[in-house]
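Student: Sending over a structure as structure tokens; questions will come in a sec.
The values are calculated or read from the model by the stated rules, or taken from the named source; none is laboratory data. Keep in mind it's a predicted model, so treat the numbers as computed, not measured. Cβ placement follows ideal geometry from the backbone for every residue including glycine, while neighbour counts extend to all protein chains displayed.
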Amino acid sequence: MKKKILALACLLLMGGLSVFFFAACDKDTNSYVEITVVDELTGRPIPRVFVKIDSNESDYGDTTTSSAVNATGFTDITGTFKAQFSAPAIFNVYAVYEADTMYNEQYDRVNFYCYRDGKGTIRLREGETVKNTIILMSKVNRGTRY
């Protein structure tokens with residue numbers, strides 16, 4: 001009887017240790033980023049803003065040059081863009097908003113081109129979520145888009 005109890009105890013001990021060791025191997029090593037884009041004047045989040053996260057030094061709206069590790073997309077309805085990277089790194093963040101027409105009482109619905117942009121830098125760490133806010137600066141040009 002004592003042998004059965006001893007064997008059962010050893011089996012439970014080995015099972016518990018194996019669960020502990022295998023669980024330690026599943027550590028999340030990804031880095032996560034959450035970018036919120038806000039208006040310069042109101043501080044409110046802006047949806048549908050193009051966001052580019054890249055390690056290259058490029059112009060705001062330049063989508064032709066990118067590093068091997070990058071992420072691009074648009075902010076959601078809450079003005080947030082999320083991405084995941086497999087390694088820690090330092091990235092530049094570019095946000096660009098373009099609109100061909102905007103309503104303005106002063107111009108009584110005159111069509112004009114609106115371009116707004118913002119820039120920042122983030123440092124990703126292993127297994128962490130980095131949150132950053134990019135402020136879009138107002139740049140409005142009346143007339144046609146070039």
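Student: Of all residues being more than 16 Å from V51 (Cβ to Cβ) and assigned to a loop (DSSP other than H, G, I, E, B) in region 66-98, which is modelled with the lowest pLDDT? Just the residue, please. Outline the logic, then answer.
Tutor: Quick first cut of region 66-98, residues more than 16 Å from V51 (Cβ to Cβ) only: 68, 86-90.
Checking the rest, the ones that are also assigned to a loop (DSSP other than H, G, I, E, B) come to 68, 86-89.
On the way: A68: 64, S86: 88, A87: 81, P88: 84, A89: 86.
The selected residue is A68.
Student: Take T101 and tell me if it is at pLDDT 90 or above, among the β-branched types (V, I, T) and surrounded by 11 or more Cβ atoms within 10 Å (Cβ to Cβ). I'd like the intermediate steps shown before the answer.
Tutor: Values: at pLDDT 90 or above: no; among the β-branched types (V, I, T): yes; surrounded by 11 or more Cβ atoms within 10 Å (Cβ to Cβ): yes.
Against the criterion (at pLDDT 90 or above, among the β-branched types (V, I, T) and surrounded by 11 or more Cβ atoms within 10 Å (Cβ to Cβ)), T101 does not qualify.
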